[in-house]
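The values are calculated or read from the model by the stated rules, or taken from the named source; none is laboratory data. If you're wondering where the values come from, they're calculated on a predicted model, not measured in any experiment. We place every Cβ from the backbone using ideal geometry, glycine too, and count neighbours over all the protein chains shown.
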Amino acid sequence: MFVDMVPVTDVFTTNSYFYIDETTRHGFLIERLKQIIKDKNYVIEKILLTHGHFDHTGGVEVLARELSVSYYIHENGEKFLEDVHYNLSIHCNRRVVLNNAKYLKDGDTITLEANPNAKLQVIHTPGHTPDSVVFYDKNNGIAFVGDTIFKGSIGNSEYPGGNGQELRASIINKIFTLPPETVLYSGHSDKTTVGTEKARGVNIRR
Ligand SMILES: [Zn+2]
């Protein structure tokens, strides 16, 4: 494991920590998410899950309840939310189980109530998991890609429900067909762009 420190400065500087397994690049965000929301006066309308692995969903049930919002995942995600073997939490001595998700399907649009011009399109990108999605903001050229693709590599397809062929097809047919300047924000790397990753190809595994 390694610890990635993120100093957050307001009146004081306080650190957030990402606690990450270097092999799988999976980990936890410790402490600051709720405090950041409060400090920055963000109003969260919904919590969106790119897929059901526990390092992306742990804490979400509690956070959703505290913020009085719903959380959303692709309709294939039910098994991952309910089964500690599928969501991998059992391997880290945890039992992450979520019971109150709302479900999304390919082609859905999620619109911000406060500004209907802000919308995310749901693009189903199975492969890392069968419930993996990209949340794509066409107007701003932004895509949240979860663990499907990273800066310099592609997702792992060897966990339960993973499929390497599907993963490559999702990247080639659904991510690489977005405009090349689209910025990709992944679960475990720096941001990158469609053009950069397309030039690199889909053969480098992390
Ligand atoms: Zn994952």
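Things worth noting here:
- Any hit, the range 187-197, residues being assigned by TED's automatic domain parsing to the domain that holds N117, modelled with pLDDT of 95 or more and of a type in the set (G, A, S): yes
- Qualifying residue in the range 62-84 (condition: buried (at least 23 other Cβ atoms within 10 Å of the Cβ) and small (G, A, S)): yes
- Positions within the range 110-128 being touching a strand residue (DSSP E or B) at 6+ places or on another chain (Cβ under 7 Å) and among the small types (G, A, S), in sequence order: A118
- Residues that are surrounded by 12 or more Cβ atoms within 10 Å (Cβ to Cβ) and assigned to a helix (DSSP H, G or I) were ranked within the range 175-206; the one that is farthest from the ligand (Cβ to nearest atom) is G195.
- Condition check for N163: closer than 24 Å to N203 by Cβ, assigned by TED's automatic domain parsing to the domain that holds H74 and within 13 Å of the ligand (Cβ to nearest atom): no
- Looking only at the range 112-144, and only at residues there that are closer than 17 Å to K191 by Cβ, under 13 Å from the mean Cα position of the chain (by Cα) and touching a residue at least 60 places away in the same chain (Cβ under 8 Å), the one that is farthest from the ligand (Cβ to nearest atom): F135
Listed here are the residues, each with its yes/no results for (1) charged (D, E, K, R); (2) touching a His at 6+ places or on another chain (Cβ under 6 Å); (3) closer than 24 Å to T193 by Cβ.
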position: V84; (1), (2), (3): no, no, no
position: R94; (1), (2), (3): yes, no, no
position: Y103; (1), (2), (3): no, no, no
position: N115; (1), (2), (3): no, no, no
position: D131; (1), (2), (3): yes, yes, no
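- Total residues in the range 63-81, condition over 13 Å from G161 (Cβ atoms) and of a type in the set (D, E, K, R): 3
- Scanning the range 31-46 turns up at least one residue that is more than 15 Å from the ligand (Cβ to nearest atom) and modelled with pLDDT of 85 or more.
- Across the range 75-97, the number of residues qualifying as hydrophobic (A, V, I, L, M, F, W, C) and either more than 15 Å from the ligand (Cβ to nearest atom) or not in a loop (DSSP other than H, G, I, E, B) (or both) comes to 5.
- Cβ-Cβ under 8 Å pairs, at least 6 apart or on other chains, the range 42-67 side under 16 Å from F135 (Cα atoms), far side surrounded by fewer than 18 Cβ atoms within 10 Å (Cβ to Cβ) and among the charged types (D, E, K, R): E45/E113; G52/K79
- Every condition in (1) part of a loop (DSSP other than H, G, I, E, B); (2) surrounded by 18 or more Cβ atoms within 10 Å (Cβ to Cβ); (3) modelled with pLDDT under 95 holds for G161 except the one numbered (3).
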